[in-house]
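Peer 1: Got a structure here, written out as structure tokens. Questions coming.
The values are calculated or read from the model by the stated rules, or taken from the named source; none is laboratory data. No experiment lies behind these values; they were computed from the predicted model shown. Please note: Cβ atoms are built from the backbone with ideal geometry, for glycine as well, and neighbour counts cover all protein chains shown. To get the accessible areas, we keep the full protein, side chains included, count just its heavy atoms, and leave off ligands, DNA and RNA. Shrake-Rupley method; radii C 1.70, N 1.55, O 1.52, S 1.80 Å.
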Amino acid sequence: MSEEATVDTQELGEKIVNVLKTIYDPEIPVDIYELGLIYDVLVNEENEVKILMTLTSPNCPVAETLPVEVEEKVKSLNMVKDAEVEITFDPPWTQDLMSEEAKLELGLL
């Protein structure tokens with residue numbers, strides 16, 4: 001991979017994270033990135049994005065809509081050719097995955 005491609009994918013990765021920080025769990029006033037729901041963001045050389053994420057629980061009321069929202073918002077970035085969201089419950093989400101900022105926001109610190 002060329003140096004330029006590395007910079008582009010890193011820059012794109014940062015833009016994707018910024019988009020993810022605009023998506024909130026409807027039950028918790030913290031964005032899904034700070035909540036620790038995003039396990040991985042993969043960007044290939046064709047700027048196709050794969051996001052591995054979880055939900056706070058398998059019975060999460062937004063299990064149907066949240067992954068679609070994530071996919072659509074990431075696809076709306078100019079540099080993104082395609083985006084796919086994969087949901088996993090391995091490992092299961094716990095409060096330990098939350099950022100310090102999220103814990104502070106929710107009064108857990």
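Peer 1: Given the alpha-carbon gyration tensor of the chain, what are the semi-axes of its equivalent ellipsoid in whole angstrom, ordered largest first, with each equal to the square root of 5 times an eigenvalue?
Peer 2: For the chain, the ellipsoid semi-axes come out as 25, 15, 12 Å.
Peer 1: Taking all protein chains together and a probe of 1.4 Å, list Glu105, Glu69 from the most accessible to the least accessible.
Peer 2: Glu105, Glu69
Peer 1: Projected area of the range 50-109, taken from the Cα convex hull and averaged over every viewing direction, in nm²?
Peer 2: Averaged projected area of the range 50-109's Cα convex hull equals 5.1 nm².
Peer 1: If you don't mind, another one. About the Cα centre of the chain, how large is the charge dipole given +1 on each Lys and Arg Cβ and -1 on each Asp and Glu Cβ? Please answer in debye to the nearest 20.
Peer 2: 260
Peer 1: Follow-up question, since we're still on this one. Share of the range 1-104's accessible area from carbon and sulfur, percent, 1.4 Å?
Peer 2: On the range 1-104, the fraction of accessible area on carbon and sulfur atoms equals 48 percent.
Peer 1: Right, here's the next one. What ranking of Thr54, Thr88 comes out by heavy-atom accessible area, probe 1.4 Å, highest first?
Peer 2: Thr88, Thr54
Peer 1: How large is the accessible surface per residue of the chain, computed with a 1.4 Å probe and reported in Å² as a whole number?
Peer 2: 60
Peer 1: Within the range 1-103, report the chymotrypsin sites (Phe, Trp or Tyr not before Pro) that DSSP leaves as loop and that have at most 13 other Cβ atoms within 10 Å.
Peer 2: Hits after loop and neighbour filter: Phe89.
Peer 1: Build a GNM of the chain with springs between Cα atoms under 10 Å: which of Asp31, Asp82, Asp40 gets the top mean-square fluctuation?
Peer 2: Most flexible of the set in this elastic network: Asp40.
Peer 1: With each run of n ≥ 4 DSSP H residues scored as -39500 (n - 2.57), what mean residue ellipticity at 222 nm is computed for the chain after dividing by its residue count and rounding to the nearest 500 deg cm²/dmol?
Peer 2: It lands at -9500 deg cm²/dmol.
Peer 1: Using alpha carbons only, how many degrees (0 to 90, rounded to 10) separate the axis of helix 66-75 from the longest principal axis of the chain?
Peer 2: 30
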